[in-house]
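Here the structure is laid out as structure tokens; the discussion comes afterwards.
Here, each number is a calculation from the coordinates, and none is a lab measurement. In this text the structure is predicted, and so the values were computed from the model without any measurement. A quick note on method: Cβ atoms are made from the backbone with ideal geometry, for glycine too, and the neighbour counts reach across all protein chains shown.
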Amino acid sequence: MDIQACKRRAGRHAADEFLRSGMTIGLGTGSTAIFATRRIAERLQDGSLHDIAALPTSIATEAAARELGIPLTTFAERPLVDVTIDGADEVDDDLNVIKGGGGALLREKIVAQATRRFVIVVDETKRSPCLGSQYQLPVEVTPFGWQSQAGYLRQLGAAPTLRLAAGAPYRSDQGNFILDCDFGAIRNLAELNGALNSRAGIVEHGLFLGMAHAVVVAGHDGLRLLRRAD
């Protein structure tokens, strides 16, 4: 299976299936979401999509959108987003996801929470019976006191590792650190979500629970569209 081809298929399909002219669109971050962004640019050029404004979820996505000629907006101009297309690191059968492998989890969650329809695009290797079983959970923390947050995460059962870039702590777009946390299979997502949300110094985390309305999965046997049960 060609993973890149699957990512491309998923991203392009979502950009065709869910986006309409006149929308405010959230642009996700990562190796699958970028194919949706590129497809949006193609649709703008061929005229099948027009009068849209896009809200990028990272500095990298903003740069890509500007290069592709996609008109951008801000929350000050458009506080609500019609559709956001974003990738994920792991997706369970209830359409809960882990995100943050690319380090943009804070902005991604801000945009997702302001979105009417949040669409995830993945290749089939990202499907999982239980979140945490194949991907670590990114936790964004303030640089001040990050060791305290690492200790708290250990108390919750994680093995946290400070993410590095060129030998120094990786910095998110907001200047924070990221702790990649190996929890193993997470059996109680709601409990962990609450514990992480309650801790000062933890800015955000990569659990996106009950937020995805649909997931486009591309694999060796084609495309599958999974929808959240209302």
If we count every other residue with Cβ under 9 angstrom of R12's Cβ, Lys/Arg +1 and Asp/Glu -1, where does the sum land?
+2
About its Cα centre, how strong a charge dipole does region 137-201 have in debye, to the nearest 20, once Lys and Arg get +1 and Asp and Glu get -1 at the Cβ?
100 debye
Magnitude of the Cβ-charge dipole of region 187-230, K/R +1 and D/E -1, about the Cα centre, nearest 20 debye?
40 debye
Local charge sum around R163 (other residues, Cβ-Cβ under 15 Å, Lys/Arg +1, Asp/Glu -1)?
-4
Of L196, A168, S148, whose Cα points farthest to the positive end of the dipole of region 137-201 (charges on the beta-carbon: +1 Lys, Arg; -1 Asp, Glu; origin at the Cα centre)?
S148
For the chain, what is the relative contact order in percent, using Cα pairs closer than 8 Å and at least 6 residues apart in sequence?
22 percent
For the chain, what is the charge dipole size about the Cα centre, in debye to the nearest 20, if Lys and Arg each add +1 at the Cβ and Asp and Glu each add -1 at the Cβ?
120 debye
Please work out the Cα center distance from region 22-36 to region 153-194, rounded to the nearest Å.
25 Å
